[in-house]
Amino acid sequence: MELSEIAGQLKDLKNTIHDRGAAREEDVKIVLIYAFNATGKTRLSVAYKDATKQEEQHTGVYYNAYSEDLFVWENEPETQLIVNGSSLNQYHSFIDEDKVREKLKPFKPQYDFEFVLHANLVDGIESIFFFLPDDPDRKRIKISRGEERIFVWCFFLALFEVEGWTDQQSSHFFIDDPVSSLDDHNIFITASTLYDLIETHYKNRKFIITTHHIGFFSILADWLTKGDKSERYRKLTKLFILSQKSGDLTLESPKNDVFLYHLHLLQTLEKAQAEQLYTFHFALLRQILENIASFLGVGQFGYVLNQIGIEDTEQVTRIINTLSHQKVYHYQTEVMNPDNTELFKEVFDKLKAKYNFKLHAEVAA
């Protein structure tokens, strides 16, 4: 299937809703797509832009690799982030620096910044320079690649709120992989900020979100289909794998694709256990337990905990559910504490021993 065909499929996507014995069609409002790198995520965003144009005008707004490419470092004579010219410059003068700082706050940045505007305000922001908050001389510094990506994402979150852009191109948001160059800790804070954006706009705008990161995909999928507020989102959401088989691109269901979704989650947690565990890894562990429970035909993952030899399964179930909550990503996103680490390792190690997963085998797309 060509990317243009997939874009058309996404544009017209509907869910069949069954209510009191009657069936009706409703537009899908939230589409979440997992894809390996180089599968065509960014090109899909361009194809979707073309598929949804009306009278040659864009109907939605986009965040993708082109958005990130608007920001380029200049090291000499000044250390600053240059903002290349684009159609968005006309909206820059309406962005409040404090609004960007507000978006950055969950990431706990170690720097502050200042916009440098063009003399003609219509030309927008010329550059951005960064400095340490406690430096009275505000000596310019260069932030890391990950910090830069977080800053650009938060810049766009603030830009999304500027009148004149998103209210005119109000059909949809297409968000392509906002987590490139980020570590796991910041990937899941980004997931939380994107979830907040969905909460604000899902009634009036469609969301298409693509990512190469299985954890980012899984957490958003979990919040949208199983979380505290999932009742409002579940029937409006579709999950896909952008899969390439025999040279042909297709959209597959995570439940049906030979992609072995759960195995990728297991491999992610195996790597995290060897390197660094964060609280959010309990959310991925819960999804694996639920997948196994579903395969075994039981309703709750507490049964799986019992089968692998965990004592006091009710208490452990409560802990895992609590640490999978979306609010954890606002208030408890640091390194997993020793007690939780011990519990995580006990469950994960017993899970691997019981079901003898082969985690180092390569999984085909």
* **Matching helices (runs of 4 or more DSSP H) fully within region 40-135 where at least 1 residues are β-branched (Val, Ile, Thr), out of contact with any Ser or Thr (no Cβ under 7 Å at 6 or more places or on another chain) and surrounded by 13 or more Cβ atoms within 10 Å (Cβ to Cβ)** => 41-51, 97-104
* Structure fact -> Checked region 169-201 for anything within 19 Å of residue 236 (Cβ to Cβ) and of a type outside the set (Val, Ile, Thr); matches are 170, 171, 172, 173, 174, 191, 194, 195, 196, 197, 199, 201
* Asked: Which one is modelled with the lowest pLDDT among residues in region 15-51 that are within 22 Å of the chain's Cα centre (by Cα) and basic (Lys, Arg)?
  -> 41
* Only one residue in 199, 163 is among the acidic types (Asp, Glu), over 16 Å from the mean Cα position of the chain (by Cα) and not assigned by TED's automatic domain parsing to the domain that holds residue 300, so which one is that? -> 163
* Asked: What do you reckon, is residue 174 aromatic (Phe, Trp, Tyr), buried (at least 20 other Cβ atoms within 10 Å of the Cβ) and out of contact with any strand residue (DSSP E or B) (no Cβ under 6 Å at 6 or more places or on another chain)?
  -> no
* **All positions within region 318-334 that are at pLDDT 80 or above and surrounded by fewer than 18 Cβ atoms within 10 Å (Cβ to Cβ)** => 318, 319, 321, 322
* Asked: Which condition number in (1) within 19 Å of the chain's Cα centre (by Cα); (2) modelled with pLDDT of 90 or more; (3) of a type in the set (S, T, N, Q) is the one that residue 253 fails?
  -> (2)
* Could you tell me which of the residues 16, 79 is farther than 22 Å from residue 201 by Cβ, hydroxyl-bearing (Ser, Thr, Tyr) and not assigned by TED's automatic domain parsing to the domain that holds residue 213? => 79
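Of the residues that sit in region 147-184 and are small (Gly, Ala, Ser) and closer than 21 Å to residue 84 by Cβ, which one is modelled with the highest pLDDT?
Out of the qualifying residues, it is 158.
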* **Scan of region 162-185 for residues that are in contact with a Lys or Arg (Cβ under 7 Å, 6 or more places away or on another chain) and of a type outside the set (A, V, I, L, M, F, W, C), ordered by number** => 170, 171, 172, 176, 177, 180, 181
* Of all residues in region 226-241 being in a helix (DSSP H, G or I) and not hydroxyl-bearing (Ser, Thr, Tyr), the one that is surrounded by the fewest Cβ atoms within 10 Å (Cβ to Cβ) -> 231
* One residue from 183, 176, 228, 222 being without any contact (Cβ under 8 Å) to a residue 40 or more places away in the chain and of a type outside the set (A, V, I, L, M, F, W, C) -> 183
* To do: Only residues that are surrounded by fewer than 20 Cβ atoms within 10 Å (Cβ to Cβ) and within 19 Å of residue 1 (Cα to Cα): list them for region 25-38, please.
  => 36, 37, 38
* Would it be correct to say that residue 162 is in a loop (DSSP other than H, G, I, E, B) and either within 22 Å of residue 271 (Cβ to Cβ) or touching a Leu at 6+ places or on another chain (Cβ under 6 Å) (or both)? -> no
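With the structure loaded, tell me whether residue 270 is at pLDDT 90 or above, of a type in the set (Asp, Glu) and not in a loop (DSSP other than H, G, I, E, B) or whether it fails that test. Talk me through it step by step, then tell me what you get.
Values: at pLDDT 90 or above: yes; of a type in the set (Asp, Glu): yes; not in a loop (DSSP other than H, G, I, E, B): yes.
Yes; evaluated as a whole, the condition is true for this residue.
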* Got a sec? Which of 103, 142, 99, 108 is touching a Leu at 6+ places or on another chain (Cβ under 6 Å) and either in contact (Cβ under 8 Å) with a residue 40 or more places away in the chain or not assigned by TED's automatic domain parsing to the domain that holds residue 178 (or both)? -> 103
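The values are calculated or read from the model by the stated rules, or taken from the named source; none is laboratory data. Since the structure is predicted, the reported quantities are computational estimates derived from the model, not experimental observations. Here the Cβ is made from the backbone with ideal geometry for all residues, glycine too, and neighbour counts use every protein chain on show.
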